[in-house]
Amino acid sequence: SQQGEEDPQALSIQEGENATMNCSYKTSINNLQWYRQNSGRGLVHLILIRSNEREKHSGRLRVTLDTSKKSSSLLITASRAADTASYFCATDRMDSSYKLIFGSGTRLLVRP
Amino acid sequence: NAGVTQTPKFQVLKTGQSMTLQCAQDMNHNSMYWYRQDPGMGLRLIYYSASEGTTDKGEVPNGYNVSRLNKREFSLRLESAAPSQTSVYFCASSEEGGAEAFFGQGTRLTVV
């Protein structure tokens, strides 16, 4: 089974609203990353948060990490139609040689 | 600077045929990965290479073999293709295991 599970699976919002996506994982991690995928294309790295960090910002993105709950959230503020994409979390697990195990993703639709 | 280059972009195989997917990166990264993505799903790790000369199985390695030919190149081979291997295959690289990953544009493989 996959390490990360995103919630919700799909999200539809109006341009200008904030979008929040959540990721839960099962085992201890070194870091957690968020990626974006436009339809049919390769993934693009958005942000990396280490296990000893609680919050990180990058432009309109805000990521939080709660290692006690094994969960992370990605907030996109003031969303734009161009933010329409799928968003995935990926974890670097401590207990395995597997690196960057991805969750199932959240499909975000931003309506103009 | 091309980043991660995958060839071919599209391929149709008949059941039982073999083929090799090629991946090359020009960022001098140590770690390389092969993932598959099925429709509407997240990425599942097939194989991982922490450095030249080493490879490890991922979440779904059955039916695949890999070769880390040198630091730049990491190939994925399907010895006897099956319809269940119809998918989009992504290669990625990172400076080290678990770091920010850079993705190729994918190979869309159909096995009939």
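The values are calculated or read from the model by the stated rules, or taken from the named source; none is laboratory data. Predicted, not measured: the structure shown is a model, and the values here were computed from it. Every residue, glycine among them, receives a Cβ derived from its backbone with ideal geometry; neighbour counts consider all protein chains shown.
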When only residues in region B:102-112 that are β-branched (Val, Ile, Thr) and more than 11 Å from chain A (Cβ to nearest Cβ) count, which is surrounded by the fewest Cβ atoms within 10 Å (Cβ to Cβ)? B:Val112
Out of A:Thr84, A:Thr77, sole residue that is within 30 Å of B:Tyr89 (Cβ to Cβ), more than 14 Å from chain B (Cβ to nearest Cβ) and over 11 Å from the mean Cα position of the chain (by Cα): A:Thr84
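Only one of B:Ala2, B:Ala81, B:Ala92, B:Ala99 is within 14 Å of chain A (Cβ to nearest Cβ), in a loop (DSSP other than H, G, I, E, B) and touching a residue at least 40 places away in the same chain (Cβ under 8 Å); which?
From the options B:Ala2, B:Ala81, B:Ala92, B:Ala99, the qualifying one is B:Ala99.
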Criterion: within 14 Å of another protein chain (Cβ to nearest Cβ) and at pLDDT below 95 - qualifying residue of A:Ile101, A:Ile47: A:Ile101
Checking the conditions here, which among B:Asp26, B:Asp38 is within 14 Å of chain A (Cβ to nearest Cβ) and either touching a residue at least 24 places away in the same chain (Cβ under 8 Å) or within 16 Å of B:Gly104 (Cα to Cα) (or both)? B:Asp38
For A:Ser86, are the conditions met, namely being outside any strand (DSSP E or B) and under 24 Å from B:Ser87 (Cβ atoms)? no
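Check A:Thr64, A:Thr27 and return the single one that is part of a strand (DSSP E or B) and not aliphatic (A, V, I, L, M).
A:Thr64
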